[in-house]
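Presented below is the structure to which this report refers.
The values are calculated or read from the model by the stated rules, or taken from the named source; none is laboratory data. Not measured: the values here are computed from a predicted model. Positions of Cβ are generated from backbone atoms using ideal geometry, with glycine treated the same way; all protein chains shown enter the neighbour counts. For accessibility, only protein heavy atoms count, side chains too; no ligands or nucleic acids. Shrake-Rupley method; radii C 1.70, N 1.55, O 1.52, S 1.80 Å.
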Amino acid sequence: MKKNDAIITVNPINLQVARIRIAGDSPLIMHRWSEKAKREMLDKMTGKAIKEKGKARPLREPVAEFIDSLYWMNGKPNEKTETGFEAAIAQGARFGFPVTAIKKAAISAAYRTGKTKDMASIRGAFFIAGEGPEMLTEVKGGAPQMREDMVRIGKGVADIRYRGEFPNWYIDLEIKYDDEGIYTLEHIVNMINIGGFACGIGEFRPEKDGQYGMFHVESVPEK
């Protein structure tokens, strides 16, 4: 060791894992971007949609749109029909929701309600475990139902959307946090709880002038 070399001590992060359950106070409406919708957006960006202008639009397939609106964790049917959907449910298909949306609701609500003066510090305070590239956590409480909604997609332009809805739902979350950080587990759990009231998740949530996707923390870890 040279005379001027410094000795640096790397202090380990005191990571802890807690499991909580959030329970829905209003139905959760799904709206996952389908491959078809992504392709149509790309066509508009690349000019392909302009070249094909004037061609007859393909017929709507409500059940297929409903199936594509869901975040499938497994068992998504190749046959996008009522029969295919019912078979998938009978075979134990699982559905999820992005954990990033739940965390975003907690952070946004904490900032809006004055629980914190900055959002950057909360972003690194805790993380929610998720599966796959979309970071999904399972939505439980029964199979989704198809709903039909009238929506506005532009000035004076209306359309119909077919999406999945969970009338009664709950989600078990696995939270990883620094036990010696500035935000305690109690802070984090309460942020998630207020996030379920002030922001919500999914379509037509309070953050977007709706009242769907609201939830509360139903159970917390034992101390």
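Looking across segment 99-116, the residues that are open to solvent by 20 Å² or more (accessible area, probe 1.4 Å) and either at negative phi or outside any loop (DSSP other than H, G, I, E, B) (or both) come down to 100, 101, 103, 104, 111, 112, 113, 115. In segment 132-143, of all residues being touching a residue at least 40 places away in the same chain (Cβ under 8 Å) and either touching an Asp or Glu at 6+ places or on another chain (Cβ under 8 Å) or among the hydroxyl-bearing types (Ser, Thr, Tyr) (or both), the one that is farthest from residue 93 (Cα to Cα) corresponds to 137. The strands (runs of 3 or more DSSP E) located wholly in segment 117-223 that include 2 or more residues which are farther than 26 Å from residue 27 by Cβ occupy 126-128, 170-178.
Over 21 Å from residue 211 (Cβ atoms), in a strand (DSSP E or B) and either aliphatic (A, V, I, L, M) or without any contact (Cβ under 8 Å) to a residue 24 or more places away in the chain (or both): is that true of residue 67 in this structure? Against the criterion (over 21 Å from residue 211 (Cβ atoms), in a strand (DSSP E or B) and either aliphatic (A, V, I, L, M) or without any contact (Cβ under 8 Å) to a residue 24 or more places away in the chain (or both)), residue 67 does not qualify.
So that you can scan it fast, the table gives a plain yes or no per residue for (1) at pLDDT below 95; (2) in contact with a Phe, Trp or Tyr (Cβ under 7 Å, 6 or more places away or on another chain):
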{"position": "125", "(1), (2)": "yes, yes"}
{"position": "135", "(1), (2)": "no, no"}
{"position": "151", "(1), (2)": "yes, no"}
{"position": "159", "(1), (2)": "yes, no"}
{"position": "163", "(1), (2)": "no, yes"}
{"position": "166", "(1), (2)": "no, no"}
{"position": "198", "(1), (2)": "no, no"}
{"position": "209", "(1), (2)": "yes, no"}
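The residue of segment 144-172 that is farthest from residue 82 (Cα to Cα), among those that are open to solvent by 50 Å² or more (accessible area, probe 1.4 Å) and touching a residue at least 24 places away in the same chain (Cβ under 8 Å), is 172. Selection of segment 184-211 for residues being more than 28 Å from residue 69 (Cβ to Cβ) and either open to solvent by 30 Å² or more (accessible area, probe 1.4 Å) or polar (S, T, N, Q) (or both) yields 184, 185, 186, 187, 190.
Out of curiosity, is residue 175 more than 30 Å from residue 63 (Cβ to Cβ), touching a Phe, Trp or Tyr at 6+ places or on another chain (Cβ under 9 Å) and among the aliphatic types (A, V, I, L, M)? Yes: the conditions hold for residue 175.
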